[in-house]
Structures are given as structure tokens and as C-alpha cells.
Amino acid sequence: MKIKVARCAGFCFGVKRAINIAEGALRGLKDGEKIYSLGALIHNPQVVEELFKKGLRVAARPEKIKSGTVIISSHGAPAEVLEEIKKKKVQLIDATCPFVKYAQNIVRKLKKDGYRIIIVGDSAHPEVRALNSIAGKSKRSKKLGIISQTTQSKVNYIKEIQKILNKDFSEVKIFNTICSDTSKRQSATRGLLKDCDLMIVIGGKNSANTKRLWQICKESGVDSFHIETEPELKKGWFKGKSCIGITSGASTPDSMVKKIIERIRRF
Ligand code: SF4
């Protein structure tokens, strides 16, 4: 049984950066001081648990925070939430991924220029909620500006754009805000699908980009499983399979990918 690992495995740039920022802040933690991330810093429960052991608390909402330091997650935060935090006596550290910031700046510019803004993505995801908060109420305008959640699949984005182009408009601006790491991970996964008869997708069950990789695998018809940790593996999945493809989300540590490969080799 061959095991092939996607070229882009392990943390992406934005996740690495957010973890480095949090670990730097935790190293300077003084007695009695509290450091919070607003929502999960990244969408990987095992990594969030490790950071919790080092002292990083997760606050779901700003009302929960009275003092200390607040780190904005790699996904960014809605404008009204940032305003609420700024009114408190807390130190604010922004770990928003620069690719997410880029998308936010496009939304600001489109809004200023009077475009109706369409964001293609999961409306419940923190990144999209933040983008929506910047866009504000939808304008009645014949000028459309379309952007995507940074972790969308290009195929989905193009499908949605085609639907939008059937609407009535006088001008349309389309931005490719899918981050380069997401594109590379998705194409590396598609590459594995050509050779493999079983795919293991590793990453947080709450991770948008991991779920997207799993969706790509399932749509291909190749047997595919999405797991976070090695105890979830089942021996029966591998029966009769000749090539196992391993791909992982942007917030999955290399160490977890290695553990899972070692466990598969022992079956
Ligand atoms: S997946 Fe892309 S946008 Fe999201 S944190 Fe990583 S580099 Fe940034």
C-alpha cells in the first residue's frame, strides 16, 4: 500500500503567523495577566488546546473580556466587535492574516465607490462575518463587486460568479481573493486524486479550508474520510486499497500528519 502526501501539508503562512504572534504574547505573560483570543485563534481544536495549556484563553464574545490582552484571530473580526474592544481597557493584538486583510480592503474600496458587494462564502464563518460587517447593508446599485472567502474552491467561486452574471447590472468587478495557499492545497489534492483510491483529509472539523478539501475529494468519487486525529482511523477503510492520499488543512500541524501516517503504516 503506497502513501502519497500532498505537496502542501502543514500550517499555512497565516496560521503560522497567528500562532507565532500568540506564542510571543504568551512568553511575555505577567502574573495575573490574561490573554484571550477572540474566538478560536485558528480552526484546529488540538492546537487551540495546546495554546490554552500555555495560557491563551478563548473568549467567544467581547463582553466576556474585562481586562488584559485580546488577540484577533487569523480570520479577522467584525467591525462592530473591534469597536467594542477598542472601548475597553485592553491591549489589542491583530493576528488577522494579510490575505484576509487584503479582501477586507477590497470591500472597503468597493463600498466607498458605491458598488453592491457580493461575498461568496460561508456566511456563518468568522472571516465572512467580518467582511459582511465592513460591507454593511447591501446597496441598490447596478455596479457589482464580487469577492470570495479566502478559502473557497475556485470551481465553486466560478459557478457562483456565473449565476451572478445572469443578474441585471451595468458594471461588474470580480476579485480573486482566494489565497495562494488555498489554491495550491486544492490543486495538490486534485493531483493525488488521479493516483489514489482512498483519501484521508486531516484537519479541524470546524476548518472551512479542510472541509473544502474533503468536498473536493468526495466530489471526485474517491473514498474519502475527514479526521482530526489518529484514533479516528479505521482499519477497514484501507482493505483492498493500493494508494492512500494524505492531504491536510491550513491549520493542521505537520506533527499530526506524521502521527497519522505512522498509524496507517502499522495497519
Ligand atoms: S488559509 Fe490563506 S487566508 Fe487563511 S490563514 Fe492561511 S494563508 Fe491566510
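Scanning segment 1-48 for residues that are farther than 28 Å from I264 by Cα, crowded, with 18+ Cβ neighbours inside 10 Å and among the polar types (S, T, N, Q) gives a single hit, S37.
Let's see how each residue does on (1) within 14 Å of the ligand (Cβ to nearest atom); (2) of a type in the set (A, V, I, L, M, F, W, C):
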residue: G136; (1), (2): no, no
residue: R140; (1), (2): no, no
residue: T151; (1), (2): yes, no
residue: K154; (1), (2): yes, no
residue: K159; (1), (2): no, no
residue: K173; (1), (2): no, no
residue: D181; (1), (2): yes, no
residue: A188; (1), (2): yes, yes
residue: K205; (1), (2): no, no
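On the stretch given as segment 22-67, residues that are within 23 Å of the chain's Cα centre (by Cα) and among the charged types (D, E, K, R) total 7.
Looking only at residues that are within 17 Å of F99 (Cα to Cα) and part of a helix (DSSP H, G or I) in segment 207-218, which one is farthest from the ligand (Cβ to nearest atom)? My answer is A208. A single member of V58, V81, V5 is more than 16 Å from the ligand (Cβ to nearest atom), in contact with a Pro (Cβ under 6 Å, 6 or more places away or on another chain) and among the aliphatic types (A, V, I, L, M), and it is V81. Within segment 173-208, being in contact with a helix residue (DSSP H, G or I) (Cβ under 8 Å, 6 or more places away or on another chain) and of a type in the set (A, V, I, L, M, F, W, C) holds for I174, F175, I178, C179, L193, L198, M199, I200, V201, I202, A208.
Candidates in segment 78-104 are the residues that are at pLDDT 95 or above and buried (at least 19 other Cβ atoms within 10 Å of the Cβ); of these, the one that is nearest to H125 (Cα to Cα) is V100. Can you spot a residue in segment 194-206 that is out of contact with any His (no Cβ under 6 Å at 6 or more places or on another chain) and part of a helix (DSSP H, G or I)? Among the residues of segment 194-206, at least one is out of contact with any His (no Cβ under 6 Å at 6 or more places or on another chain) and part of a helix (DSSP H, G or I), which makes the answer yes.
Inspection of segment 58-76 identifies at least one residue that is open to solvent by less than 30 Å² (accessible area, probe 1.4 Å), assigned to a loop (DSSP other than H, G, I, E, B), free of Cβ contacts under 8 Å to residues at least 60 places away in the same chain and in contact with a Leu (Cβ under 7 Å, 6 or more places away or on another chain).
Against the list (1) touching a residue at least 40 places away in the same chain (Cβ under 8 Å); (2) under 30 Å from S220 (Cα atoms); (3) in a helix (DSSP H, G or I), the condition Q152 fails is (3).
So, in segment 124-134, of the ones that are among the small types (G, A, S) and at pLDDT 95 or above, which residue ends up nearest to the ligand (Cβ to nearest atom)? Going through the qualifying residues, I end up with A130. Is there a residue in segment 166-179 that is among the hydroxyl-bearing types (S, T, Y), within 20 Å of K16 (Cα to Cα) and surrounded by 14 or more Cβ atoms within 10 Å (Cβ to Cβ)? Yes, there is a match, as at least one residue in segment 166-179 is among the hydroxyl-bearing types (S, T, Y), within 20 Å of K16 (Cα to Cα) and surrounded by 14 or more Cβ atoms within 10 Å (Cβ to Cβ). May I ask you to list pairs of residues, at least six apart or on different chains, whose Cβ atoms are under 9 Å apart, with the first in segment 102-124 being assigned by TED's automatic domain parsing to the domain that holds E160 and over 16 Å from C179 (Cα atoms) and the second being surrounded by 13 or more Cβ atoms within 10 Å (Cβ to Cβ) and among the polar types (S, T, N, Q)? These pairs meet every condition: G114/S141; Y115/S141; R116/S141; I117/N132; S123/N132. Restricting to segment 105-133, name every residue that is farther than 18 Å from I164 by Cβ, open to solvent by 20 Å² or more (accessible area, probe 1.4 Å), part of a helix (DSSP H, G or I) and not charged (D, E, K, R). N105, P126, S133 - these are the residues of segment 105-133 that are farther than 18 Å from I164 by Cβ, open to solvent by 20 Å² or more (accessible area, probe 1.4 Å), part of a helix (DSSP H, G or I) and not charged (D, E, K, R).
The values are calculated or read from the model by the stated rules, or taken from the named source; none is laboratory data. Please read these numbers as outputs of a predicted model, since none were measured by experiment. Don't worry about glycine lacking a Cβ; one is built from the backbone with ideal geometry, like all the others, and counts go over all protein chains shown. With ligands, DNA and RNA removed, areas are computed over all heavy atoms of the protein, side chains included. Shrake-Rupley method; radii C 1.70, N 1.55, O 1.52, S 1.80 Å.
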